[in-house]
Amino acid sequence: MITSERMAAVDRNAAAVGVPRKQLMESSGNAVACAVRETADAGASVAVVAGRGNNGGDAFVAARFLGEYDVTVHLLGRPETITTDISRENWAALQQAELPTEVVKDSESLDLGDPDVVVDAVLGTGVSGAPREPEATAIEAINGADAPVVAVDVPSGMDADTGETPGAAVDADRVVTFHDVKPALADREDVTVADIGIPDAAELFVGPGDLQQLERDPQAHKGDFGRVLVVGGGPYTGAPALSARAALRAGADLAYLAVPDSIADTVKGYSENLIVDSYVGTRLLPEHVDEILDRAADVDVVVLGPGLGDASDTLAAVREFLASYDGRAVVDADALQVVPDVETDADLVCTPHQGELRKMGGPAEDDWRERADTVGAFAADLGQTVLVKGAYDVISDGETTRVNRTGNPGMTVGGTGDVLAGATAAMFSTLDALPAASVGAYANGAAGDYAVDDHGYGLLATDLVDALPAALWGGSDD
């Protein structure tokens, strides 16, 4: 089963692995044409009612495959308002082939005639809410036709994820959905799931489609995209600063640091964008835990570990914090070794490299394919999301496993893991653990790829920090 949002991401990821949307549309249209052939004999009249999105584009393709039928395509709106290039191309193909088409500029002018079959391609899976005009009138016309209805992907007017129909909705006799069943269709017996050629890689590997989750409301306010608290430092000063700066560059609105006052001035000096709120001492101790918990209550995500060190009393403090904390946290570096032994209500993303994973009691496979299987089992036992860093990052929550392939050998430089932790925390402010870890891994590696283009393999971790906005919002997957 796949949600509409995830399906849109997989479509785009398929293009990134070499299967463009145009090719998928050809396969989708062919699948719809096959359903029409199974519904009526050659020579039957077919009324295709098409919207202006990719759902309509699928139907334009279907019309080309139905040369043995009497097909008329009714476009709801002017051709110049078709929303995607590939749908416009397929509309143009109908004109070049001189297939019968009708442009419906006024919903009252829609006349389906007396067809033997109606193809519903008015609205697709990405549409929610009550249909507007001319779609609402078109849906009524489809329902009023005395003919079986074949719906493309989901009946128009039905929410593909919830099954809700807040307004007019097509009463389809058959649904041809693509790649995987949509949640709203799970209990229907009239659904055909068509394999349209999306490779498994489009779902397994994190890709540019996953970044669609980062779209922002133009009316957003400060704080809507996350407040991150980095608890780190003591033996080291740069690591917590890198994580906090990465969180900001990855889209978090505010980044706070809880560091010992012995290093607070040094950390402040790294950037005027950081909010440094120190505690007394030279490293994190159990006596600081209540204070840190109070600060954590005011943020969306905590990053726990960068630069903390592995002193026994510091690890005891980490243990106490996790035992009492019930929010979201990214756990990194030396703090990771504590996680398997702590009962916590927190929702964690753990970001070990392979050595740290072994210290946690995790698997030690070198081949990423084998690691993907064993990390999934380890995450299930742990009850948390695990992001194992490597040439191929493996991300799993025990139920779903993703793999990230961005990055390069220049990222072996110190500090890149701190950048990953901060970027993941920014994602975790607005996304659930698995997608946050997946996008965090993708962004970190893609930033490394941007940076190596500029600097070669002599990278600094700060180069990745500065490249994060381009990796997330400024790049192209063409």
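Only residues that are touching a residue at least 60 places away in the same chain (Cβ under 8 Å) and in contact with a Leu (Cβ under 7 Å, 6 or more places away or on another chain) were counted across the range 183-202, and they come to 3. Screening Glu189 against (1) surrounded by fewer than 16 Cβ atoms within 10 Å (Cβ to Cβ); (2) touching a strand residue (DSSP E or B) at 6+ places or on another chain (Cβ under 7 Å) leaves a single unmet condition, (2). Among residues belonging to the range 32-73 that are open to solvent by 10 Å² or more (accessible area, probe 1.4 Å) and closer than 18 Å to Ser156 by Cα, point out the one that is farthest from the chain's Cα centre (by Cα). The extreme case among them is Arg52. Among the conditions (1) under 26 Å from Leu242 (Cβ atoms); (2) in contact with a Gly (Cβ under 6 Å, 6 or more places away or on another chain); (3) surrounded by fewer than 17 Cβ atoms within 10 Å (Cβ to Cβ); (4) among the hydrophobic types (A, V, I, L, M, F, W, C), Ala333 misses just one, which is (3).
Please enumerate the residues belonging to the range 285-315 that are open to solvent by 20 Å² or more (accessible area, probe 1.4 Å) and more than 26 Å from Gly414 (Cβ to Cβ). Listed by number, the residues that qualify are Pro286, Glu287, Asp290, Glu291, Leu293, Asp294, Arg295, Ala297, Asp298, Val299, Asp300. For the range 355-373, the set of residues classified as touching a Pro at 6+ places or on another chain (Cβ under 8 Å) and either open to solvent by less than 40 Å² (accessible area, probe 1.4 Å) or in contact (Cβ under 8 Å) with a residue 24 or more places away in the chain (or both) consists of Leu357, Met360, Gly362, Arg371, listed by residue number. Against the conditions (1) polar (S, T, N, Q); (2) buried (at least 16 other Cβ atoms within 10 Å of the Cβ); (3) farther than 20 Å from Val118 by Cα; (4) over 28 Å from the mean Cα position of the chain (by Cα), where does Gln95 fall short? Just the number, please. It fails just one condition, (2). Before we move on, is Leu248 over 23 Å from the mean Cα position of the chain (by Cα) and either buried (at least 20 other Cβ atoms within 10 Å of the Cβ) or modelled with pLDDT under 95 (or both)? Considered against the rule, which asks whether it is over 23 Å from the mean Cα position of the chain (by Cα) and either buried (at least 20 other Cβ atoms within 10 Å of the Cβ) or modelled with pLDDT under 95 (or both), Leu248 comes out as no.
The values are calculated or read from the model by the stated rules, or taken from the named source; none is laboratory data. It should be emphasised that the depicted structure is a prediction, and the values quoted were computed from it without experimental measurement. Virtual Cβ from ideal backbone geometry, glycine too; neighbours counted across all protein chains shown. Side chains are part of the model used for accessible areas, which takes the heavy atoms of the whole protein and leaves out ligands, DNA and RNA. Shrake-Rupley method; radii C 1.70, N 1.55, O 1.52, S 1.80 Å.
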